[in-house]
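Got a structure for you, written out below as C-alpha cells; questions coming shortly.
The values are calculated or read from the model by the stated rules, or taken from the named source; none is laboratory data. Please read these numbers as outputs of a predicted model, since none were measured by experiment. Ideal geometry is used to build each Cβ from the backbone, glycine not excepted, and the neighbour counts take in all protein chains shown.
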C-alpha cells in the first residue's frame, strides 16, 4: 500500500499507476472508491480479489463525459439527461464489448460521469474509462472515512489517493435504463 495526497502535482503518478495496471483507491463525489483501467482485465480482476466481490456482480465504469459514454453504450437523449445528473450510475445497453469482461452483465453496462474535480482530472488525463466500485470489502458499508479505507486495504498492493474524510454521503443511485421502463436498483 502506498498513500499519496490528492494534489494536482501527483496526477502524473496516478496516471502512471493506472497505465501500469494498478488498483487505486480514489475519492469520489459519493464515497471512496476502488478503480483501475477498465480495459485491463488483470487489473479489473484484481479489484474483485481485493474487495472479495462475487464475479457475477459486474463493476460500473467512470467516464469523463457523454461522448466517452457513447463509445461503450447506446444512449438516447433522455438517458443522457439521467447520466449527466448528479450521482447516478446508469445501466444501459452496451455496444460491442471493448472493455474488461468484468464490467458487462449480459448486454448491459453501468456508467457514471462523476462530479468530483480530481477524479475528472484523472479521467481527462488518462482518457480511458475506469472500472470502479466502492472501496470496501464486500458486505461492509461504503465509507467516506479515510482511516476506515486504509484499515480495510492496509495489506494490499494498491495506491491510495488520500483526500481526508469526505463529506458524509451514500453511494450513487443505480438506475436501469436498458429496458422499456426505468428501474431504480439502489436509492
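Every residue, every condition in (1) crowded, with 16+ Cβ neighbours inside 10 Å; (2) touching a strand residue (DSSP E or B) at 6+ places or on another chain (Cβ under 7 Å); (3) touching a residue at least 40 places away in the same chain (Cβ under 8 Å); (4) part of a loop (DSSP other than H, G, I, E, B), yes or no:
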{"residue": "3", "(1), (2), (3), (4)": "no, yes, yes, no"}
{"residue": "11", "(1), (2), (3), (4)": "yes, no, yes, no"}
{"residue": "22", "(1), (2), (3), (4)": "yes, yes, yes, yes"}
{"residue": "31", "(1), (2), (3), (4)": "yes, yes, yes, yes"}
{"residue": "43", "(1), (2), (3), (4)": "yes, yes, yes, no"}
{"residue": "56", "(1), (2), (3), (4)": "no, no, no, yes"}
{"residue": "68", "(1), (2), (3), (4)": "yes, no, yes, no"}
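Need pairs with beta-carbon distance below 7 Å; first residue in contact (Cβ under 8 Å) with a residue 24 or more places away in the chain and within the range 105-119, second assigned to a helix (DSSP H, G or I) and surrounded by fewer than 19 Cβ atoms within 10 Å (Cβ to Cβ); sequence gap 6+ or separate chains.
From the range 105-119, the pairs are 113/84; 114/120.
Collect the residues in the range 81-122 that are touching a helix residue (DSSP H, G or I) at 6+ places or on another chain (Cβ under 9 Å), under 16 Å from residue 62 (Cβ atoms) and surrounded by fewer than 21 Cβ atoms within 10 Å (Cβ to Cβ), keeping them in residue-number order.
Result: 84, 88, 102, 118, 121.
Scanning for something more than 20 Å from residue 172 (Cα to Cα), modelled with pLDDT under 95 and over 16 Å from the mean Cα position of the chain (by Cα), does the range 82-94 turn up at least one residue?
No, every residue in the range 82-94 fails to be more than 20 Å from residue 172 (Cα to Cα), modelled with pLDDT under 95 and over 16 Å from the mean Cα position of the chain (by Cα).
Which one of the conditions (1) assigned to a loop (DSSP other than H, G, I, E, B); (2) touching a strand residue (DSSP E or B) at 6+ places or on another chain (Cβ under 7 Å) does residue 138 fail to meet, given that it meets all the rest?
Among (1) assigned to a loop (DSSP other than H, G, I, E, B); (2) touching a strand residue (DSSP E or B) at 6+ places or on another chain (Cβ under 7 Å), the lone unmet condition for residue 138 is (2).
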